[in-house]
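The values are calculated or read from the model by the stated rules, or taken from the named source; none is laboratory data. Fair warning: this is a prediction, and the values are worked out from it, not measured in the lab. Reconstructed Cβ throughout: ideal geometry from the backbone, glycine too, with neighbour counts over all protein chains shown. All accessible areas refer to the heavy atoms of the entire protein, side chains included, with ligands and DNA or RNA removed. Shrake-Rupley method; radii C 1.70, N 1.55, O 1.52, S 1.80 Å.
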Amino acid sequence: MRHPAQHDPGRNTDKRSWSILLLILVAALVLRLATINFGLPALNDPDELMFELGAMRMLRGVTLNPGWFGHPATTTIYVLALVDIGAFGAAWLTGAATSVKAFGALVYANPGWIILPGRVAMALFALGTIVLVWRLARRFAGNVAGLVAAAVLAVSPVHVTYSQIIRSDMMACFFMLLCINAAATIAQDGKPATYRWAALWWGLAIATKWPFALSGLAIAGATFVVIRSGRVTATRGLMLAAGATGMALIVLVVASPFLVLDHATVLRNLRGESQLHHLGATSGGPWWNLRWYATGPILTGLGWGGVLLSLCGAARLPRHRVAASVIVPVAISFVLILSTQHLVWERWALPLLPLAAILAGIAVADLVRASQRWRSPAILPVLTVAFLALVIVPSVMRVRADNRARRTDTRQLAAAWAHTHVAPGSTVLVEHFAFDMLAEPWRFLFPLGDAGCVDARAFLQGKVPYAVIERARGARSNVDYGTVAPSRRATCHTDVAILTQADRYRRERARFPAEHDAYRTLMEQGRVAAVFKPQPGEIGGPVVIVIFSRNTKS
């Protein structure tokens with residue numbers, strides 16, 4: 001029996017479809033570039049610096065060893081290294097930096113030189129995921145499915161947010177979708193060459209982020225289909241799948257050779273990533289996790305309309321054998337992994353969003369085909385208006401609200417307030433990467449675990465390598481005043497403390513009593529000078545509390 005999409009007269013992409021896809025991509029890019037410079041030169045997401053330090057370490061040491069393998073994020077760090085070379089070229093051409101050493105000093109004073117281009121690179125990979133979702137959904141159910149899927153992902157608030165941040169997640173989703181696309185081809189032809197392409201993308205997905213090894217289940221599902229259809233024998237199919245697995249491991253080692261050459265660092269990084277508790281992200285058990293993801297990032301990322309369409313598309317999967325074979329194994333495995341983790345993070349739901357968008361596209365396409373059989377042409381404009389009203393418009397409104405909040409952050413508001421209220425010569429403790437304050441005439445302290453509170457400006461001018469920071473951090477999941485070694489808290493005496501974590505520990509004081517007590521003691525020894533709170537859709541960031549010592553005058 002032929003696939004229903006093969007009878008779809010609109011299956012071939014016409015000029016109108018290409019034009020609509022182009023508009024979707026332009027709109028997606030505009031939404032992602034609108035606030036892509038958020039916070040700069042301050043870094044509101046501290047992990048961005050970790051990825052960039054790996055890239056800078058490679059360039060400075062003229063080595064291919066990124067020195068960090070927690071995700072492992074090797075492909076991400078390599079891409080960032082290439083982006084940084086381009087940023088240096090731009091700085092050299094404009095005269096901002098006349099040498100690599102001068103560029104390093106420029107970056108340590110203002111990381112925006114490399115952070116912004118790195119974010120743009122992530123946004124481009126995000127556009128790549130939208131194109132791949134369009135291609136997959138079109139392949140499974142025709143042009144309408146492709147365009148609907150692309151539109152759903154293009155305006156997904158969660159997808160937009162992580163398109164603007166330097167992390168490995170977006171690149172991992174890109175390689176996952178390439179692997180699924182190759183697997184879909186396997187389900188149709190079973191050719192060895194297709195297995196090799198699938199193995200390539202599978203290996204790169206693993207080299208980008210460990211959990212995306214689950215992408216290989218799409219190859220397994222496709223192999224099952226091609227064996228059942230009789231295109232290859234069971235023995236031949238299993239041999240091809242085993243060969244793809246071996247080739248994926250080879251690709252992983254070739255793409256990230258220091259996983260083997262520097263295995264001691266790999267093991268240390270993996271132990272550091274294995275946390276049972278994390279401030280604001282501790283699991284509540286399997287069912288709690290599932291509810292948290294369903295009502296949190298999934299509902300936020302798709303909206304009620306997108307969730308409903310995705311569920312309808314899932315119900316239609318039995319009629320789309322190839323789609324079911326490559327989507328269901330990957331989706332179910334990610335859901336199981338998310339439900340059993342000790343931690344929960346919004347970004348961990350990202351691989352489910354493109355798969356859900358494909359299902360939404362399948363649902364709408366099947367409904368359009370049904371309307372054609374019912375000879376009800378009037379239903380098409382009704383469906384279009386309903387899709388826009390229930391899915392696109394609410395998501396775009398949420399994206400715009402998120403962008404407003406990202407543009408106006410409590411940390412930057414606190415920095416502006418401090419500029420006019422903190423006297424020159426003051427010693428100021430900051431818990432975030434407040435590069436926007438470096439021009440102020442203050443001495444900055446930064447809490448760093450076993451090292452106590454260190455002179456931030458001296459650290460930056462000395463270009464302290466990440467290995468030193470990692471040793472001082474130890475096994476701590478957070479670096480803040482609360483996690484400073486008690487024996488080193490005397491190094492944190494200051495005139496002003498700008499605290500971004502105190503309120504979070506207050507809300508989880510039962511789980512982190514020692515950290516909460518440290519903040520409470522610090523605040524009791526001084527006085528609260530200002531508090532900056534987030535407002536949904538208007539002001540982003542954590543609650544920031546500014547503490548003056550009792551002798552400090554505002």
## Note on the structure
Of the residues in the stretch 88-103 that are over 18 Å from Leu460 (Cβ atoms) and under 31 Å from the mean Cα position of the chain (by Cα), the one that is least open to solvent (accessible area, probe 1.4 Å) is Gly89
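Identify the residue in the stretch 201-226 that is open to solvent by 50 Å² or more (accessible area, probe 1.4 Å) and of a type outside the set (Gly, Ala, Ser) and, among all such residues, is farthest from Thr75 (Cα to Cα). Explain how you work it out, then say what you get.
The initial filter retains those residues of the stretch 201-226 that are open to solvent by 50 Å² or more (accessible area, probe 1.4 Å), namely 201, 210-211, 217, 220, 224.
Restricting the remaining residues to those that are of a type outside the set (Gly, Ala, Ser) gives 201, 210-211, 217, 224.
Values: Trp201: 12, Trp210: 12, Pro211: 15, Leu217: 21, Phe224: 30 Å.
That would be Phe224.
Any residue at all in the stretch 137-150 that's in contact with a Ser or Thr (Cβ under 6 Å, 6 or more places away or on another chain) and surrounded by fewer than 23 Cβ atoms within 10 Å (Cβ to Cβ)?
Here is the first cut: in the stretch 137-150, the residues in contact with a Ser or Thr (Cβ under 6 Å, 6 or more places away or on another chain) are 143.
Restricting the remaining residues to those that are surrounded by fewer than 23 Cβ atoms within 10 Å (Cβ to Cβ) gives none.
For the stretch 137-150, residues in contact with a Ser or Thr (Cβ under 6 Å, 6 or more places away or on another chain) and surrounded by fewer than 23 Cβ atoms within 10 Å (Cβ to Cβ): absent.
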### Query
Within the stretch 428-445, can one find any residue that is in a helix (DSSP H, G or I) and without any contact (Cβ under 8 Å) to a residue 60 or more places away in the chain?
no
### Query
Of all residues in the stretch 230-245, which are assigned to a helix (DSSP H, G or I), farther than 14 Å from Leu217 by Cα, of a type outside the set (D, E, K, R) and open to solvent by 60 Å² or more (accessible area, probe 1.4 Å)?
Thr235, Met239
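Conditions tested, residue by residue: (1) open to solvent by less than 50 Å² (accessible area, probe 1.4 Å); (2) of a type in the set (S, T, N, Q); (3) out of contact with any Cys (no Cβ under 9 Å at 6 or more places or on another chain); (4) at pLDDT below 95.
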{"site": "Glu346", "(1), (2), (3), (4)": "no, no, yes, no"}
{"site": "Ala356", "(1), (2), (3), (4)": "yes, no, yes, no"}
{"site": "Pro381", "(1), (2), (3), (4)": "no, no, yes, yes"}
{"site": "Ile392", "(1), (2), (3), (4)": "yes, no, yes, yes"}
{"site": "Met397", "(1), (2), (3), (4)": "no, no, yes, no"}
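Regarding the stretch 504-520, can at least one residue be identified that is in a loop (DSSP other than H, G, I, E, B), open to solvent by less than 20 Å² (accessible area, probe 1.4 Å) and over 19 Å from Leu343 (Cα atoms)?
no
Please pick out the residue among Ala294, Ala323, Ala349, Ala331 that is free of Cβ contacts under 8 Å to residues at least 40 places away in the same chain and in contact with a helix residue (DSSP H, G or I) (Cβ under 7 Å, 6 or more places away or on another chain).
Details: Ala294 fails: in contact with a helix residue (DSSP H, G or I) (Cβ under 7 Å, 6 or more places away or on another chain); Ala323 fails: free of Cβ contacts under 8 Å to residues at least 40 places away in the same chain; Ala349 fails: free of Cβ contacts under 8 Å to residues at least 40 places away in the same chain.
Exactly one of Ala294, Ala323, Ala349, Ala331 is free of Cβ contacts under 8 Å to residues at least 40 places away in the same chain and in contact with a helix residue (DSSP H, G or I) (Cβ under 7 Å, 6 or more places away or on another chain), namely Ala331.
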## Note on the structure
Heads up, the helices (runs of 4 or more DSSP H) in the stretch 260-354 (entirely inside) with at least 2 residues that are closer than 25 Å to Thr74 by Cβ are 263-273, 321-340
### Ile24 within 16 Å of the chain's Cα centre (by Cα), part of a helix (DSSP H, G or I) and hydrophobic (A, V, I, L, M, F, W, C)
no
### Message
Suppose we filter the stretch 41-70 for residues that are at pLDDT 90 or above and open to solvent by 30 Å² or more (accessible area, probe 1.4 Å); how many remain?
### Response
1
